[in-house]
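Undergrad: Before anything else, here's the structure in question.
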Amino acid sequence: MKFFLIVYLFSSSFIYAQVIVNKTDSNTLEKKLEDTLVIDSGAKDSLKIFKPTIQDYQYQTQFSEKKVFDTVMTFNKTYIFSQYNNRENFGRVQFANIGAGFNPLSYEMNPEQNLSLLPSNKSYGILGINDVRYYDVKTPTAAFIYHTAMRNGAALQSTYTQNIGKRFNFAIEYMGLRSQGMYRNSLAANNNTLFSGHYKSKSGNYELFAHYLHQNVDNQENGGIIDDNLFQTGASDYSNRWNAQVNLNSSNSEFSYRRYYLSHQLTPFNSEKFPFRIRHTLFNQGNKYFYHQGALEDYWYDTQSEIVANFPLSTKKYSNNLSNTISLVFDNEKFKLDAGLRYQMLKFGLNNTSIPFLEVPAEMKENRLGAVGNLQVKLFDKFQLNSFLEFSKGNQFGNYLKTTNNIKFEPVKDYFVNAKVNFQSVYPSFNYLANTSVYRNFNYFLQDAKNQSITEIGGSVNLKWFKTELFANYFRIDNYTYFDAGAMPRQSENSLNISQIGGDATFDYGKFHLNTRLQFQSALTNKDLLPMPSFIGRANFFFQSKAFKNAAEIQTGIKVYYFSKFASREYFPILNEYILPSADSFSIGGQPIADVYFNLKVKKMFFFIEGQQMGTLISHNKAYAFPHYPVYDFRLNIGIVWYMFN
């Protein structure tokens, strides 16, 4: 944080050079990039003074359209900036600590898990390649997002970005989270550091995107509470959650995610006559997962025969992906196509494989060759098609095929239809392939694994009435890969079929509003392999208005989140994965989670103040995130978002 402040103060010295521009300077902006407001035309002293507006502060993901910083007070922000990962978490329920992950209540596909090591419960704050933002700002800009923690600590995400000249931008981002949690041995300590840069030549014939990302997701693991009956009956001994006995006393998990990334493209000819570009992308990504113990935990074994003699208490897994892609891009306003070749070098390994009763390779690696392609079509501002295809061939980790196809069109003004057909056939995520542990029962090697094939067909309709969205999705998963109740990896013999249907609507009456989102879902086959609630719903009733003589804007209301009762999977700390329920498990859900909130916007600063889990002020908490892992009790949650456009 000290480094960030030093960079911010030093770089601010460039601000005047960017705000005041000599009208005779050869660096004067092109007309298409001119500032929106001109304060002084320079008629008297040859100085032309501009006043930047919000349109001069933009961001983009690589090779995409730029977007303006969103500083409008909308109701969906209360779903995002009240969450520690600053994302919409509908369809999930959170542990009793920020930074500790979620229970996914509906089926989710995470492309970051493809051909890599990424434990499911460590994935909720991970930034993929297409999540990294690159900026274009008129003056040095900083942004801060703050969250209160549970019991002790805080979470703060800081961003500083600045243009050097008109063509190059750099950004520094740091997120630090430390939260003690409501229960013993549940400390969360997450952080990430991101350096990014974007350059575009004056002619526009060369463009470059680059970043370095390092993320850590570290958590103490307590194995859940020992006596659920005391919690469920509201025993006085449990009024202070720190008194609750937990199953693990000296265990913690760590996940490290590091990426070096470079992508650039060159237009060798006149782009108007020959709209071709050559694009090159190179990155190296390394993932590491550690599970540490200070001593053997009685919770994991009954007799000494279940311990592997002379095996270390701590274990490590890792994966690495070196990828090099060269492609040819055809690009015009209505039609864009790029296709190329990709070389990959993949590794997956474990630090200790000396298991006398199981042969586990210390490292698996291979070189892969494949092809990638993208297609984008835009017609009459009414129809848009986006397609992606990737294929690679391998022996160790099998062949890889992924395609995504999305169509958006507007048959009638203000009515939109979205449709998607996606498919992927990919080797199971590397956490399923092998594990070694001092506990005999948790060693495995998934030999002769088959590709897990996922077909997704779905779409949505956006209606003008009540800002309504209706959606439906269908998934068919062949060779579905899961962990059974003993934390052993399995693959289903028959397909798992899942349906989801629901909608979102907002009803307005003056300054009063009601936003609702409903989702009905079911596993049509193999229901026991992926337990899920049949219903997930959220309602948000709020009042929104200008205040203090239009100097501020307020938003206040109540949110209620609910999912039906179901026999949930359990959380397994050693792998940071979700396993099928065991014999001593029980159903969770059927308990509404209500939050009362007051949000305030003053200029470019937002305050999100919530009283979460209000029902626990009236009666004792009965809600669980997982069996043996209760949801948090009442807490005052404060989120602050502050944009500083100097």
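The values are calculated or read from the model by the stated rules, or taken from the named source; none is laboratory data. Bear in mind the structure is a predicted one, so any value in this text is a computation, not a measurement. For neighbour counting, all protein chains shown are included, and Cβ atoms are generated from backbone atoms with ideal geometry for every residue, glycine included. Note: accessible area is taken over every heavy atom of the protein model, side chains too, but ligands, DNA and RNA are not part of it. Shrake-Rupley method; radii C 1.70, N 1.55, O 1.52, S 1.80 Å.
Undergrad: Using C-alpha positions alone, give me the convex hull volume of region 63-140 per residue in cubic angstrom.
TA: Cα-based convex hull of region 63-140, divided per residue, equals 153 Å³.
Undergrad: Further, regarding this structure: Using a/c under 1.5 as the rounded threshold, could you call region 229-284 rounded, prolate or oblate? The axes a ≥ b ≥ c are square roots of the C-alpha gyration tensor eigenvalues, and prolate needs a/b larger than b/c, oblate otherwise.
TA: prolate
Undergrad: Taking GluC sites (Glu not before Pro) as candidate sites, keep only those in a DSSP loop with at most 13 other Cβ atoms within 10 Å, then name the longest stretch of the chain containing none of them.
TA: In short, 109-271.
Undergrad: While we're here: Of (i) 26.3, 91; (ii) 28.8, 99; (iii) 27.7, 91, which is the value of Rg and Dmax of the Cα atoms in Å derived from the coordinates here?
TA: Calculated Rg and Dmax of the Cα atoms in Å: the matching label is (i).
Undergrad: Quick check on region 316-398: take the gyration tensor over C-alpha atoms, sort the square-rooted eigenvalues as a ≥ b ≥ c, and tell me if it's rounded (a/c under 1.5), prolate or oblate. All intermediate terms of the calculation are to be shown ahead of the outcome.
TA: Numbers: a/c = 4.31, a/b = 3.20, b/c = 1.35.
Prolate, since a/c reaches 1.5 and a/b exceeds b/c.
Undergrad: For the chain, what is the accessible area per residue in Å² when the probe is 1.4 Å?
TA: On the way: 30100 Å² over 646 residues.
Here the residues of the chain average 47 Å² of exposed surface.
Undergrad: Rank these by accessible area, largest first, 1.4 Å probe: Arg92, Arg87, Arg538.
TA: Working: Arg92 45, Arg87 75, Arg538 25 Å².
Putting Arg92, Arg87, Arg538 in descending order of accessible area: Arg87, Arg92, Arg538.
Undergrad: Right, something else. State to the nearest 20 debye the size of the charge dipole of the chain about its Cα centre, where the only charges are +1 on K and R beta carbons and -1 on D and E beta carbons.
TA: Once rounded to the nearest 20, the dipole reads 2100 debye.
Undergrad: Multiply the residue separation of Asn229 and Leu369 by 0.36 nm, subtract the distance between their alpha-carbon atoms, and state the gained length in nm to one decimal.
TA: 44.8 nm
Undergrad: Still on this structure: Can you give the three extents of the C-alpha atoms in region 475-535 along their principal axes, from longest to shortest, in whole Å?
TA: Largest first, region 475-535 extends 55, 22, 13 Å along its Cα principal axes.
Undergrad: Restricting to Cα atoms and excluding each atom paired with itself, what does the Kirkwood estimate give for region 249-392 in Å?
TA: Mean inverse Cα-Cα distance, inverted, gives 19.5 Å.
Undergrad: Hey, if you put +1 on the Cβ of every Lys and Arg and -1 on every Asp and Glu Cβ in region 63-180, which of Val132, Asn110, Gln157 ends up farthest toward the positive end of that dipole?
TA: About the Cα centre, the residue reaching furthest to the positive side is Gln157.
Undergrad: Using a Cα distance threshold of under 12 Å, what count of lysine pairs results for region 216-352 when pairs must be 8 or more residues apart or interchain?
TA: Summing the qualifying lysine pairs gives 4.
Undergrad: Carbon and sulfur atoms: what percent of the 1.4 Å accessible area of region 157-296 do they account for?
TA: The value for region 157-296 is 54 percent carbon and sulfur by accessible area.
Undergrad: Please report Rg over Rh for region 143-197, where both radii come from the alpha carbon positions and Rh follows the Kirkwood definition. Intermediate results must be reported in sequence, preceding the final value.
TA: On the way: Rg = 15.3 Å, Rh = 12.7 Å.
Checking Rg against Rh, the ratio lands at 1.20.
Undergrad: Which value in deg cm²/dmol, rounded to the nearest 500, describes the helix-derived mean residue ellipticity at 222 nm for the chain, given -39,500 (n - 2.57) per DSSP H run of n ≥ 4 and division by the residue count?
TA: -1000 deg cm²/dmol
Undergrad: Let me ask something else. Using only Cα atoms, what is the ratio of the radius of gyration of region 124-228 to 2.2 N^0.38 Å? Write out the running numbers ahead of the final one.
TA: Details: Rg = 18.5 Å, N = 105, 2.2 N^0.38 = 12.9 Å.
Rg over 2.2 N^0.38 Å, computed on Cα atoms: 1.43.
Undergrad: Going by the alpha-carbon gyration tensor, a ≥ b ≥ c the square roots of its eigenvalues, is region 330-488 rounded (a/c under 1.5) or, if a/c is not under 1.5, prolate (a/b greater than b/c) versus oblate?
TA: Taking the square roots of the gyration eigenvalues as a ≥ b ≥ c, region 330-488 is oblate.
Undergrad: Which of the lysines could a cross-linker span from Lys622 if the Cα-Cα distance has to be under 17 Å and same-chain partners fewer than 8 positions apart are dropped?
TA: Lys565
Undergrad: Let me ask something additional. Could you pull out the longest piece of the chain with no exposed loop chymotrypsin sites (Phe, Trp or Tyr not before Pro) in it, calling a site exposed if DSSP puts it outside H, G, I, E, B and it has at most 16 other Cβ atoms within 10 Å? Provide the component values of the computation, followed by the final result.
TA: On the way: sites that count: Phe90, Phe269, Tyr301, Phe357, Phe380, Phe548, Phe586, Phe634.
Between exposed loop sites, the widest span is 91-268.
Undergrad: Grab the Cα-Cα distance for Phe168 and Asp131, subtract it from 0.36 nm times how many residues apart they are, and report the gain in nm with one decimal.
TA: Here the segment from Phe168 to Asp131 would lengthen by 11.3 nm.
Undergrad: What per residue convex hull volume, in Å³, comes out for region 189-269 when only alpha-carbon positions are used?
TA: 148
Undergrad: Here is the link list: Lys467/Lys546; Lys122/Lys450; Lys66/Lys511; Lys467/Lys549; Lys77/Lys559. Which ones come out longer than 20 Å on Cα distance?
TA: Lys467/Lys546; Lys122/Lys450; Lys66/Lys511; Lys467/Lys549
Undergrad: Right, something else. Report in % the part of the accessible area of region 366-505 that belongs to carbon and sulfur, leaving out ligands and nucleic acids; probe 1.4 Å.
TA: Using a 1.4 Å probe with all protein chains present, region 366-505 comes out at 56 percent carbon and sulfur.
Undergrad: When the convex hull of the C-alpha atoms of region 300-348 is computed, what volume per residue in Å³ does it have?
TA: 163
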